[in-house]
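These notes concern the structure reproduced below.
The values are calculated or read from the model by the stated rules, or taken from the named source; none is laboratory data. These figures come from a predicted structure and were not determined experimentally. Don't worry about glycine lacking a Cβ; one is built from the backbone with ideal geometry, like all the others, and counts go over all protein chains shown. Remember, those area values only see protein heavy atoms, side chains included, never the ligands or the DNA or RNA. Shrake-Rupley method; radii C 1.70, N 1.55, O 1.52, S 1.80 Å.
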Amino acid sequence: MRRAVCPGSFDPVTNGHVDIVQRAAGLFDEVFVAVGVNRSKSSSRLFTPEERMAMLEQACGHLDNVRVAGFEGLLTDFCAENDVAAIVKGLRAVTDFDYELQMAQMNASLTEVETVFVPTSPEYSFLASSLVKEVARFGGDVSGLVPPLVLEALTARLAERA
Ligand code: PNS
């Protein structure tokens with residue numbers, strides 16, 4: 001069985017993430033969506049790891065071969081522990097490439113894991129969780145950019161924090 005992982009912070013999951021996960025699910029037998037739980041960054045997150053994972057479960061619920069997991073520490077350790085052969089990353093623009101290449105090469109130096117880059121669909125090329133949060137915080141319409149359940153959670157969380 002060929003397994004892949006789509007790793008990220010997913011704070012929160014966007015339609016761009018779902019597009020990449022869906023396409024990875026078509027290429028591999030099984031795909032983990034792995035939420036990085038880096039405790040040092042937790043205070044800057046809008047959602048807890050558990051909330052991010054619950055949103056991903058729902059957003060990817062239509063994909064039978066996708067499982068949501070959390071991971072702490074190195075992504076390559078997660079890959080080794082779960083028999084994952086490939087890391088799938090979406091590339092939005094050339095500006096993503098430098099950092100993603102560096103991470104891919106670092107990960108390849110740690111284990112035999114391959115990184116597969118998937119070009120983001122053009123309609124999502126500008127999409128980032130950080131921008132979604134900023135636009136939503138100032139009252140902009142992000143309803144076309146995130147799954148409906150995320151829009152609901154985002155609206156509620158921002159209202160709590162206002
Ligand atoms: O959504 P993000 O914030 O771009 O996700 C980044 C993530 C979680 C994929 C990356 O930070 C990561 O892989 N973290 C795990 C720690 C690790 O393995 N670091 C070495 C990377 S070369």
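Just wondering, is there one or more residues in segment 135-142 that are crowded, with 18+ Cβ neighbours inside 10 Å, away from the ligand (no atom under 16 Å from the Cβ) and closer than 26 Å to L46 by Cα? Checked segment 135-142: at least one residue is crowded, with 18+ Cβ neighbours inside 10 Å, away from the ligand (no atom under 16 Å from the Cβ) and closer than 26 Å to L46 by Cα.
Set side by side, the residues L151, L101, L127 differ, and just one is surrounded by fewer than 18 Cβ atoms within 10 Å (Cβ to Cβ) and either out of contact with any Asp or Glu (no Cβ under 8 Å at 6 or more places or on another chain) or closer than 22 Å to N15 by Cα (or both), which is L101. Looking across segment 27-78 at every residue that is part of a helix (DSSP H, G or I) and among the polar types (S, T, N, Q), the one that is farthest from the ligand (Cβ to nearest atom) is identified as Q58. Put simply, of V33, V84 the only residue that is β-branched (V, I, T) and open to solvent by less than 10 Å² (accessible area, probe 1.4 Å) is V33. The residue pairs whose first member lies in segment 109-131 and is without any contact (Cβ under 8 Å) to a residue 12 or more places away in the chain and of a type in the set (D, E, K, R), whose second member is open to solvent by less than 40 Å² (accessible area, probe 1.4 Å) and outside any strand (DSSP E or B), and whose beta carbons are closer than 9 Å, counting only pairs six or more residues apart or on different chains, are E112/A85; E123/N15; E123/G16; E123/D19.
Among the residues of segment 121-128, at least one is closer than 16 Å to A25 by Cβ and touching a helix residue (DSSP H, G or I) at 6+ places or on another chain (Cβ under 9 Å).
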